Amino acid sequence: MRTLFTRKRGLFVFFSIVMICFIVTTPSTFAQCSNKEDCANQIKEYEAKIGQLQEQKNTLSSQINLMNAKISLTTSKIKTTEYTIEKTGTEIESLGEKIVGLNSSLDYLTRVLLEKIVESYKNKGVTTLDILLDSQNAGVLGNKIKYLDVAQNSDRRLAFRLQQTKENFEEQKNLREEKKTQLEELTKTLSRQKIDLDNQKVAKQQLLTITKNDEKTYQSLLAKAQSEYAAIQGIVAGSGTEVRLRDVSKGEGIATVIQGASCNSSGSHLHFIVQENGATINPFSKLKPIDAVNESNGDPFNPSGSWDWPLPATIHLHQGYGDTWFVRTYRWYGSHNGIDITGGSNTVTAVESGTLFRGSFSGKGGCALPYVRVNHAGSNISTLYLHVYAL
């Protein structure tokens, strides 16, 4: 079902906004945490508060308080991410300095070792016997033998130091690359969090605008949304009244989207449902990738199947599948069992061949919620198209 507060619909009147500024509601204060630990404590506090608010009766006041708590939570998460980004950046800079130092050490140790190797090569023909014959007394002989042992031990230690430095150099380089990858992911996370925060603030403003801080209006909207949800659940469960129409081919026109508000619908849109073995599944798993405009406030748009879409391009997504942003924000109904879309025209086509049924379900106030269903030939899959008139 389409969200009651789509951006297209949200034409805010200036005087309404001015009036909302003086609404007598508890103002939300977003205390800025001073460090990462402080942010972590705030996040726990806001998460606990959100859990308590979600258990309360759904009133306008409780909904606004819940929105304020979620805005505060997101604000604290943003600060946490910013602190982590700052720390990671400092670590990358420090690792860069270490790498420069280790590189200098590598150059120096390599040069010294090469010099020693050359010197050893020059003297490789000198044996202990040569030293013995060249020595005029036992003292000189002992000193020369001792010097030869010391030189050999020094070369071995130098080679060991060089190997350790090389290993440390590679380790620091790998660690810096890991930190860079972490920084990239943190930057993406921060961008998503800021988008969420903007959406949450817009949602709160839209709710205040459309209800004008009136509990009766809020409960009316809540009842309408819950009634639509119950009606759609009833259709999915097979409780609607259906009539077999005909066999249809893939791509054939089967219905047209109802214009404007209709029974249990806040505005023109197609609610598209896919059932497999009697259970709803994510339509994106069947629909093929396509260019679209995502107007859902961040619900995933990730089609990965092979079906053509039931509406022509350009597709506009108003609400996704499952635990959608609208479901999480307003708590007006449970999991969204389909997707809400509009397209380049109002003509609905069958995504696959099958048998077409026309149906209706008695919605709130006795109105009939119209839909069509296609049972697809040779499979256990059926598709439902709601808020439409059959062709």
Just checking, which of GLY305, GLY334 is part of a loop (DSSP other than H, G, I, E, B) and more than 30 Å from ASN58 (Cβ to Cβ)? GLY305
List every residue pair whose Cβ atoms lie under 9 Å apart, where the two residues are 6 or more positions apart in sequence or sit on different chains, the first residue falls within the range 182-204 and is farther than 30 Å from GLU91 by Cβ and open to solvent by 60 Å² or more (accessible area, probe 1.4 Å), and the second residue, located anywhere, is of a type in the set (A, V, I, L, M) and assigned to a helix (DSSP H, G or I). LYS201/MET67; LYS201/ILE71
Which of the residues belonging to the range 310-324 are outside any strand (DSSP E or B) and open to solvent by 20 Å² or more (accessible area, probe 1.4 Å)? PRO312, ALA313, THR314, TYR321, ASP323
Restricting attention to the range 14-73, the residues that are open to solvent by less than 40 Å² (accessible area, probe 1.4 Å), part of a loop (DSSP other than H, G, I, E, B) and at pLDDT 80 or above number exactly 3
Residue in the range 367-378 that is most open to solvent (accessible area, probe 1.4 Å), counting only those that are free of Cβ contacts under 8 Å to residues at least 60 places away in the same chain and closer than 18 Å to GLY238 by Cα: ASN375
Any pair with Cβ under 7 angstrom, 6 or more apart, that starts in the range 322-345 at a residue that is at positive phi and ends at one that is outside any loop (DSSP other than H, G, I, E, B): GLY322/HIS336; ARG331/GLN54
When both residues are 6+ apart or on different chains and their Cβ atoms are under 8 Å apart, which pairs have a first residue that lies in the range 37-57 and is in contact (Cβ under 8 Å) with a residue 12 or more places away in the chain, and a second that is outside any helix (DSSP H, G or I) and open to solvent by 30 Å² or more (accessible area, probe 1.4 Å)? GLN42/ALA31; GLN54/ARG331
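The values are calculated or read from the model by the stated rules, or taken from the named source; none is laboratory data. Quantities reported herein were computed from a predicted structural model and do not represent experimental measurements. Backbone-built Cβ (ideal geometry, glycine too); neighbour counts: all protein chains shown. Surface accessibility is based on the protein's heavy atoms, side chains included, excluding ligands, DNA and RNA. Shrake-Rupley method; radii C 1.70, N 1.55, O 1.52, S 1.80 Å.
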